[in-house]
1. Between B:ASN271, B:ASN194, B:ASN254, find the one with the highest GNM mean-square fluctuation for chain B; connect C-alpha pairs within less than 10 Å.
2. How far is helix B:334-357 tilted, in degrees, relative to the longest principal axis of the Cα atoms in chain B, given as a value from 0 to 90 rounded to the nearest 10?
3. Hydropathy first: keep DSSP H helices in chain A averaging at least 1.0 on Kyte-Doolittle, then drop any whose Cα extent along the axis falls short of 24 Å, and list what survives.
4. Counting only other chains, and only Cβ atoms inside 10 Å, what mean value do you get across the residues of A:247-260?
5. 222 nm [θ] for chain A, helices only, -39500 (n - 2.57) per DSSP H run of 4+, per residue, to 500?
6. Choose one answer from A:HIS198, A:HIS178, A:HIS214: the residue with the largest mean-square fluctuation in a GNM of chain A with alpha-carbon springs under 10 Å.
7. Could the peptides B:49-56, B:123-130, A:294-301 be put in order, highest first, of the mean number of other beta-carbon atoms found within 10 Å of their residues?
8. What is the angle, in °, between the Cα long axis of helix B:136-145 and the longest principal axis of the Cα atoms in chain B? Nearest 10 is fine, range 0 to 90.
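Read-outs throughout are calculated quantities, based only on the coordinates presented, and are distinct from any laboratory measurement. Bear in mind the structure is a predicted one, so any value in this text is a computation, not a measurement. Here Cβ is always computed from backbone atoms with ideal geometry, including for glycine, and neighbour counts include all displayed protein chains.
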Amino acid sequence: MAGHHHEYIIRRGNIFTPTFYITTALIILAVLIVMYRYWMGMGYITNMSDGYPWGTWKSVNVSIGAAFACGGYVLAILVYIFNKYKYHHMVRSGVLVSMFGYSLAGLAVMIDIGRPWNAIYFFVPSNWQLNSALFEVALCVMAYTGVTMLEFLPAVFERTSLIEKYPRFSAFSKKWYHVLEKITFLIIAIGVTLPSMHQSSLGTMLIATGHKLHPLWQSNFIPLLFLITAFIMGIASIILVSMLTSKLLHRPFEKSIYGIAKLIPYATLTWIVVRIISLTTSGAWGYLFTSGLNSVFVILEFLTMGIPAYIALRTKLGRSKRGVFISSCLMIAGVCLYRLGVYLLGFNVEAGWNRYFPSFGETITTTALLLVILWGYVILIKLVPVLPNLNIKGDPRKD
Amino acid sequence: MVERSLLTPNLSRRDFVKALGTITTALGLPLTMATDAAEAASNVDNRPPVIWLHFQECTGCTEAVLKATHPSPAELILELVNLCYQESLMADFGHGAELLLEAAMKKYAGKYILIIEGSIPIKDNGVYCKIGGKTAIDILKHVAGSAAAVINLGICATSGGIASAGSNPTGAVGAPELLPEGIPYLSLPGCPPNPYNLLGVIMYLLNFNKLPEMDSKKRPLFAYGTLIHEYCERRAHFDAGRFAKEFGDEGHRNGFCLYKLGCKGPETHANCSAIKFNEGIVWPIGNGNPCIGCTEGDVLFKHSLFTHAKVAQPRLSSNVPPAQQADLGDRATASQGVLVGAIIGAAVGAGAVYASKLSKEPEDENK
């Protein structure tokens, strides 16, 4: 694995850029809001109620955040299961986004649960409620956060093994780098299994809400649709992260994303077919034009999933930067629409509660938590080797 | 049975006060009311006249009242109330019975309590139920016209019950639809209703000379103010997700929640889970049989016994003190909408600007 050390490079540059200061300021604002929440109680910063106890925290930070973090999951499947080794150089940035996405989803849950001091019982097996889909999600998210950290550790050890000032630490890093390399297959196997489990369970939980979920969303296909949206979001986030990194850091464009982009029509068309089956089996077509905002969301979903497939299959744009970018953005929008629809819009407890809409505090905190992904990403790529070394791209390497 | 009955000469004072204490407690009244109840019960002249009409029914409601023991039916009909007319219990029959009814109505006009058991058929001018040559509609309107108050006993008298199921061949309806305007009435639905709810209402009338507080369906709140689900002994299993999935399976034998077998407890308002039947020892859910929703006119005989109940009250009932009541959540304000809109708009705008700067020429992955 000698070449490995050159596959990824550290981005040389100043960490303290204007972007860093702006995001840091927003994050500090969010931290203050969160401190206020712990001091005064949740009612002071959120619009959540007993009727709508899942605000943006679950619907955006957990449901959409965890989907956005599926880049690492999709890459792990592509590289290690389908043996497309040519994408291996993108794995670390994908895993880094996954690590942040999942950690922040977990963090959001810790902020929005009413009695956070009880969260400790999550780690006491005798208190486990094994019939709960929410428990499965929590367990998988927690475990997968650990797995992404393990997946990312080789990058850290690769960096620390070069610190010559502390030879023992350097030797330690080298040793563990090789140990982790040897058990990569195990980590990857767990890292592929866990998201497959909890991404679908994120949807299963909403089946359990029964009639409270609007018929346009309620269906036994929710778990499958959530799994497919995880793939779609994973593909789109790999493309988007790569494109934004090259743009913002003035790096050459990574052409491998055209290879990833070939998956777009398969993923989106699968989604459309399953969505049509789900609407048919739940007999919900009658609601398609009659349910106000719910209808708008569903129609927009079909458009945001259909247009990327059309761009890829029927136009030349599908292999251009603009086409790939627009497709990824539309796919992300589509997944957001679907997951928001299931978690917020379609969920109506119909018992006199005011419908939920995020408060100032929630909007800022949610945005800041998503920005932490960007913030941490930009910092870490300058500290440890994450980004692909594009200069050696095309080296003899098994395809 | 009679030797220990209320108001018999050899009844000890202790037993008398105990019996009234039980009744006032069952009513949820303060203990000091026991004295008033004792006065009301011991004043023999004060026995309220009761006329009890049967229409399309199975006499199950009467049977249920006869199974009560405190007070026993003998105490009830001989000492607590002046039962003037009750087809199942009266000694007289035929035209003699009808004469008694007319006599009682004349004697106690405007003072008697009318208890109705059974639904009233209105199709084809009500020919499907006749007593003494008169249709049920005529009898009801005639007798209710000079009643002091009307108690609709059982689901049939309340909303039609089993006779109104399916295609409703006789056009059966509950008494509330036919009662003359202005007559105060109250419904005690159930199949059968719990006898202690009837006794409680009678005792309330005796004491306060008015009907107890009622819900929108005219059911007394003391008995129908909560859902069976709220105080069900199997509730913890519901909350923990432990269900019996078919009769006789492991969950059923372990006494798990019967919701998935079609238990209508979550949408049925009644106090069965609190006071039970047969002197407070058994009740359907306790025996492993799902609640059939017999106090809800739009549940029993309208839905299959095995369909899942709608969870009618996801919020706490109004009986819970306000301090614990759910807050309704804040309403969205325009500025919150503007903030969310601005963030989404900024993201979309930035994406659009960036997209417009990107090349639209096709490229190849490997070059």
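1. B:ASN254
2. 30 degrees
3. Working: long enough: A:18-40 (33 Å, 1.52); A:91-112 (31 Å, 1.36); A:133-160 (39 Å, 1.20); A:184-207 (35 Å, 1.34); A:222-248 (37 Å, 2.12); A:264-281 (25 Å, 1.33); A:293-314 (30 Å, 1.45); A:321-340 (28 Å, 1.19); A:360-380 (29 Å, 1.72).
Passing helices, by number: A:18-40, A:91-112, A:133-160, A:184-207, A:222-248, A:264-281, A:293-314, A:321-340, A:360-380.
4. Details: counts 3, 0, 0, 0, 0, 0, 3, 1, 5, 2, 1, 5, 2, 1.
Other-chain Cβ atoms within 10 Å of each residue's Cβ, averaged: 2.
5. Working: 14 runs with 241 residues, N = 399.
That calculation yields -20500 deg cm²/dmol at 222 nm.
6. Largest GNM mean-square fluctuation: A:HIS178.
7. Values: B:49-56: 22.8, B:123-130: 15.1, A:294-301: 18.4.
Sorting B:49-56, B:123-130, A:294-301 by mean packing, highest first, produces B:49-56, A:294-301, B:123-130.
8. So the helix axis and the longest Cα principal axis differ by about 80 degrees.
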